[in-house]
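So the structure is just underneath, and the comments pick up after that.
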Amino acid sequence: MTRYRQGWTTSTTPKGAILNATTLIRHLLPILLLAAGPVLGEATGQWPALSVRGFGTLGLAHNSNDQAGFIRDVTQPRGPKGDTRWDLDSRLGLQLDLDIGNNLSATVQGISRYNHAGNFDPELAWGFVKFSPDDSLDLRAGRLGWDIYMLADSRDVGYSYLWARPPVEYYGPLQFSKINGADLVLRHSLGNGVLWGKLFAGQATGKLSLDARNSVDVAGTDLAGGHINYETGPWLARLGYTRLDMEVDINGPVAPLMDLLAQFPEVFEAISPEDTYHLYSVGLVFDEGPLQAQLMLGYQKSEPPGVPDANQGYVSVAYRMGQWTPFATASFANALSSARTPELPPGLPLPAGIGDSFSANTTPDQTTLSLGARYDLWENIALKVQYDHVNVRRDGRGYMLWREQDSGWDGRAGVFTATLDFVF
Amino acid sequence: MAARTLRHLILLAALAWGCQALADDGAELVLVVHPDSGLTTLSRDEAINIFMGRHRQLPSGITALPVDLAPARAEFYQLLTDKTLAQINSYWARLVFSGRASPPRQAQDAAEVLDIVANSRGAIGYVRRRDLSAGVRPLVGLATWRNLQTASTAP
């Protein structure tokens with residue numbers, strides 16, 4: 001058998017010759033950065049055609065409770081449990097924007113963050129072409145962030161907000177962060193402000209984590225939605241709706257168990273998260289000089305019988321004093337019905353308590369009070385500290401925002417976080 | 001009646017003198033546009049919509065091209081939004097890294113701002129009053145915004 005060698009790789013195995021997006025980013029970025037140097041360097045007088053920007057966070061998170069692991073969002077397999085971890089909030093992103101001309105531009109963003117597999121392999125967060133025929137219309141197609149809630153599509157950009165991390169009850173359970181699809185933005189000046197709206201549709205991409213060994217691929221989930229906004233003076237109001245048809249593929253030791261249960265349609269239906277979800281949201285922001293206040297509410301209507309409807313939301317207030325901006329936040333997520341343990345067929349080799357864990361996994365019931373402060377060290381670097389006091393009621397202790405819970409956990413956690421956030 | 005009119009006149013004169021005093025050293029920032037922009041004035045809310053990337057359209061309907069004067073950026077945004085540069089940069093970080101909009105073009109000195117504005121119908125920038133040139137139309141001196149309290153950098 002003849003082995004062949006491709007020009008751009010030293011690998012001699014066909015498998016190694018497969019160029020995936022990750023490898024592409026890893027190999028191309030240094031080259032693009034080198035190429036961009038001169039362009040950026042001589043940017044006076046000419047509109048720069050290519051710009052390179054980045055963002056990042058170095059974070060330490062400590063959970064004083066040693067009976068449950070605290071995570072930032074459902075993509076993370078492990079979190080601090082009576083100890084301190086640096087991986088929870090640390091990440092690095094790099095973005096290239098290319099102005100093609102004729103109202104066309106292209107953007108690529110790669111990000112490295114603690115993921116479902118427990119590593120920091122970079123992934124393509126954004127990669128789209130944008131067409132803006134005039135100042136009132138933008139059309140984009142490609143890989144896009146999921147703009148379901150205000151701030152949801154920039155929740156990895158720590159420098160852009162005041163908190164050490166966005167409220168976990170609101171942003172943590174989000175099923176995915178990116179989609180392959182298209183969106184459209186329309187703007188219209190109205191009164192002293194701007195009325196604008198967005199429509200989007202596509203397929204989800206990405207993987208969630210069930211625990212340290214099991215992950216869920218959400219590719220194949222179709223979604224469509226939109227939001228309408230009005231911005232005037234210090235006010236911003238937003239109404240949003242997304243419909244998604246969940247499709248999941250479970251990987252890991254629990255997968256054979258799911259295959260086994262799939263042979264019993266009525267049982268499978270009671271535990272499967274696959275079906276339609278309707279996500280409604282309202283956001284209100286007041287932001288005047290040193291004062292910033294936000295109120296966000298969400299309602300999830302779930303069609304799968306085993307997944308309860310749920311509410312979530314937060315209110316956050318901050319006031320800048322010199323370089324310091326102290327803030328306080330209260331956030332919550334709760335299911336509108338209690339967890340119902342599905343009846344599993346007798347006589348199967350099922351682990352004890354598996355029925356309970358299915359239902360508990362999708363039933364949130366918790367509240368967090370957070371106090372913290374941001375210190376603007378420089379015009380592009382901020383230091384933040386935050387303390388979260390989390391109270392999880394009995395129904396919510398098996399929820400997917402927690403990892404490796406001990407059975408005796410009282411549902412309390414105190415989380416200290418310190419981060420250094422920057423953009424460049 | 002006459003006394004009241006006189007009082008008003010004195011007040012007006014004092015006000016005019018005050019404005020003059022502010023403008024005298026020529027350091028006041030002034031919004032400038034192209035003479036064919038179709039604009040003779042601009043409200044603070046309209047300036048916020050354009051410079052904060054909410055809607056890049058001049059009230060006359062032309063696509064707006066905002067330009068920052070880099071050395072005066074902190075002062076400009078303090079007047080426009082009552083916010084620090086760190087807050088303004090945070091705001092832009094959200095828009096830039098979600099692909100929504102790009103911040104205004106950065107000019108390094110007044111001559112560059114004037115050059116851009118004089119050569120583009122939709123361009124809008126700001127320079128110090130003493131740096132004004134004939135090729136651009138001054139719109140409004142920003143000292144008038146100093147005591148107003150409307151601003152926003154909502155997401």
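The values are calculated or read from the model by the stated rules, or taken from the named source; none is laboratory data. Not measured: the values here are computed from a predicted model. When we count neighbours, we look across all protein chains shown, and the Cβ atoms used for this are built from the backbone with ideal geometry, even at glycine.
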Hits in segment A:203-215 - residues which are part of a strand (DSSP E or B) and either touching a Lys or Arg at 6+ places or on another chain (Cβ under 6 Å) or touching a residue at least 60 places away in the same chain (Cβ under 8 Å) (or both): A:THR205, A:LYS207, A:LEU208, A:SER209, A:SER215
Identity of the residue in segment B:106-116, more than 7 Å from chain A (Cβ to nearest Cβ) and not hydrophobic (A, V, I, L, M, F, W, C), that ends up nearest to A:ASP183 (Cα to Cα): B:GLN106
Filter pass, A:ASN102 being at positive phi and either without any contact (Cβ under 8 Å) to a residue 60 or more places away in the chain or surrounded by fewer than 24 Cβ atoms within 10 Å (Cβ to Cβ) (or both): yes
Check on A:LEU295, modelled with pLDDT under 95, surrounded by 14 or more Cβ atoms within 10 Å (Cβ to Cβ) and touching a Leu at 6+ places or on another chain (Cβ under 7 Å): no
Subset tally (residues that are outside any strand (DSSP E or B) and of a type in the set (Asp, Glu)) for segment A:269-303: 4
Filtered residue count, segment A:185-215, keeping only those that are within 30 Å of A:ARG72 (Cα to Cα) and not polar (S, T, N, Q): 15
Residue match in segment B:134-143 (condition: closer than 21 Å to B:LEU58 by Cα, more than 11 Å from chain A (Cβ to nearest Cβ), within 12 Å of the chain's Cα centre (by Cα) and assigned to a helix (DSSP H, G or I)): yes
Check on A:PHE327, surrounded by fewer than 20 Cβ atoms within 10 Å (Cβ to Cβ), hydrophobic (A, V, I, L, M, F, W, C), in contact with a strand residue (DSSP E or B) (Cβ under 9 Å, 6 or more places away or on another chain) and modelled with pLDDT of 95 or more: no
Every residue from segment B:39-96 that is at the interface with chain A (Cβ under 7 Å from one of its Cβ atoms), at positive phi and surrounded by fewer than 21 Cβ atoms within 10 Å (Cβ to Cβ): none
Within segment A:286-329, tally of residues that are within 13 Å of another protein chain (Cβ to nearest Cβ) and within 20 Å of A:GLU231 (Cβ to Cβ): 13
Residue that is farthest from the other protein chains (Cβ to nearest Cβ), among those in segment A:183-222 that are of a type in the set (A, V, I, L, M) and within 19 Å of A:GLY283 (Cβ to Cβ): A:LEU199
In segment A:95-138, residue farthest from the other protein chains (Cβ to nearest Cβ) [restricted to those that are of a type in the set (Asp, Glu) and more than 21 Å from B:ARG54 (Cα to Cα)]: A:ASP121
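This table checks each residue for (1) under 25 Å from A:TRP196 (Cβ atoms); (2) in contact with a His (Cβ under 6 Å, 6 or more places away or on another chain); (3) at pLDDT below 95.
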position: A:ALA106; (1), (2), (3): yes, no, no
position: A:ILE111; (1), (2), (3): no, no, no
position: A:TYR114; (1), (2), (3): no, no, no
position: A:PHE120; (1), (2), (3): no, no, no
position: A:LEU124; (1), (2), (3): no, no, no
position: A:PHE131; (1), (2), (3): yes, no, no
position: A:LEU137; (1), (2), (3): yes, no, no
position: A:LEU151; (1), (2), (3): yes, no, yes
Residue, surrounded by the fewest Cβ atoms within 10 Å (Cβ to Cβ), within segment A:108-154, restricted to residues that are part of a strand (DSSP E or B) and among the acidic types (Asp, Glu): A:ASP134
Residue in segment B:58-70 that is at pLDDT 95 or above, more than 20 Å from A:THR232 (Cα to Cα) and assigned to a helix (DSSP H, G or I) present: yes
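Kindly indicate whether any position in segment A:376-393 is within 14 Å of another protein chain (Cβ to nearest Cβ), assigned to a loop (DSSP other than H, G, I, E, B), in contact (Cβ under 8 Å) with a residue 12 or more places away in the chain and over 22 Å from A:ILE271 (Cβ atoms).
The answer is yes; a qualifying residue exists.
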Cross-chain or 6+ apart pairs with Cβ under 8 Å, segment A:133-161 first and without any contact (Cβ under 8 Å) to a residue 60 or more places away in the chain, then hydroxyl-bearing (Ser, Thr, Tyr) and part of a strand (DSSP E or B): A:ASP134/B:THR63; A:ASP135/B:THR63; A:ASP138/A:SER132; A:LEU139/A:SER132
Pairs with Cβ under 9 Å, 6+ apart, first in segment B:33-51 and within 15 Å of B:VAL136 (Cβ to Cβ), second hydroxyl-bearing (Ser, Thr, Tyr): B:HIS34/B:SER120; B:SER37/B:SER60; B:GLY38/B:SER60; B:LEU39/B:SER60
Selected residue [among the aliphatic types (A, V, I, L, M) and more than 19 Å from A:ASP217 (Cα to Cα)] from A:ALA262, A:ALA310: A:ALA310
Residues of segment A:401-411 satisfying the condition of being in a loop (DSSP other than H, G, I, E, B), more than 23 Å from A:VAL157 (Cα to Cα) and either touching a strand residue (DSSP E or B) at 6+ places or on another chain (Cβ under 9 Å) or of a type outside the set (Gly, Ala, Ser) (or both): A:GLU404, A:GLN405, A:ASP406, A:TRP409, A:ASP410, A:GLY411
Filter result for A:LEU88 (under 13 Å from A:ASP156 (Cα atoms), in contact with a strand residue (DSSP E or B) (Cβ under 6 Å, 6 or more places away or on another chain) and within 12 Å of chain B (Cβ to nearest Cβ)): no
Out of A:GLY283, A:GLY252, A:GLY233, sole residue that is in contact (Cβ under 8 Å) with a residue 40 or more places away in the chain, within 14 Å of chain B (Cβ to nearest Cβ) and on the phi > 0 side of the Ramachandran plot: A:GLY233
Segment A:231-267, residues that are aromatic (Phe, Trp, Tyr) and either crowded, with 17+ Cβ neighbours inside 10 Å or under 20 Å from the mean Cα position of the chain (by Cα) (or both): A:TYR241
Matching residues in segment A:253-301 - criterion: being acidic (Asp, Glu) and more than 30 Å from A:MET150 (Cβ to Cβ): A:ASP259, A:GLU266, A:GLU269
